[in-house]
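A short worksheet on the structure shown next.
The values are calculated or read from the model by the stated rules, or taken from the named source; none is laboratory data. Model, not experiment: these values are computed from the prediction. Positions of Cβ are generated from backbone atoms using ideal geometry, with glycine treated the same way; all protein chains shown enter the neighbour counts. Just so you know, the surface numbers come from the protein's heavy atoms only, side chains and all, with ligands and any DNA or RNA stripped out. Shrake-Rupley method; radii C 1.70, N 1.55, O 1.52, S 1.80 Å.
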Amino acid sequence: MNIVCIAWGSLLWKPQGLKLASGWHPGGPAMPIEFARQSDDSPELALVLCDSARLMPTYWAYVATRDLDTARAMLCAREKIRPAFPEWVGSVPAQDGAEDNPRVAAWLRAKGIDAAIWTAIPPKFDGVSGRVPTVDEAVAWLDSCSGAQRDAAEDYIRRTPAHIDTPYRRIIAARLGWHPLREAHVTQIR
């Protein structure tokens, strides 16, 4: 079974713990993503799936295993997903509580790929899982960060590939000046 990982955020430049068999390629399935999760373990407003978000481009890479359980376990470890939340790793075919994703399934069929995994951690803001911040709340929180926390939050947003041009990103850039870094204008990541 050939398995790919679909990604859009820090996994692209920090894949620690996820063994890949290829570089990252553009042209993954469009996914509804936005900067909508205050991270539990790092000072960032992470890109996550949001049902109400616009579809954005993604990247994909082959995973260095042919076993879906192993691929899911690698992504769980990399994302520090606790065993109580197996549904926070999306997969096609769906398993461990992951929802079926027809968009990803259609993309896999078109590519001739057997399976895919991706991070399916929900939005979270002010400690409330599932809560999507308003754009004003997101900008205010980012602007309230200082020192190393602010540097890390800014770095995360500025390193995200430039063509992942979400509505929140545009407003963050306009209000805070956090425009994509030069290296974020990519078409392929090795």
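For the chain, the longest principal axis of the C-alpha atoms and the axis of helix 147-159 are separated by about 50°. Remark: relative contact order (region 75-190) = 16 percent; criterion is Cα-Cα distance under 8 angstrom and separation of 6 or more residues.
Against the main long axis of the alpha-carbon atoms of the chain, helix 68-79 sits at an angle near 20°. Around the Cα centre of the chain, unit charges on the Cβ atoms of Lys, Arg, Asp and Glu (plus for the first two, minus for the last two) sum to a dipole of about 540 debye.
Projecting the Cα atoms of I164, A140, A110 onto the dipole axis of the chain, where Lys and Arg carry +1 and Asp and Glu carry -1 at the beta carbon, places A110 farthest toward the positive end. Modelled spin-label separation between D40 and T65, with each label point placed 7 Å from Cα along the Cα-to-Cβ direction: 2.0 nm.
Here is how the number arises for the chain: DSSP H runs of 4 or more residues each give -39500 (n - 2.57), the sum is divided by the residue count, and the result at 222 nm is -9000 deg cm²/dmol. Please give the Cα centre distance for region 5-79 versus region 84-151, rounded to the nearest Å. Each part reduced to its Cα centre gives a spacing of 8 Å. If you wrap the chain in the convex hull of its Cα atoms and look at it from every side, the mean projected area works out to 9.9 nm².
With protein chains left intact and a 1.4 Å probe, residues in region 59-129 average 49 Å² of accessible area per residue. Converting phi to 3J(HN,Hα) with the Karplus coefficients 6.51, -1.76 and 1.60 and the offset θ = phi - 60°, region 110-115 yields 5, 8, x, 9, 7, 8 Hz in sequence order, with x at every glycine or proline.
For the chain, the longest principal axis of the alpha carbon atoms and the long axis of helix 135-144 meet at an angle near 70°. Here S144 and R182 are evaluated by their C-beta separation; at R0 = 22 Å the FRET efficiency comes out at 0.20.
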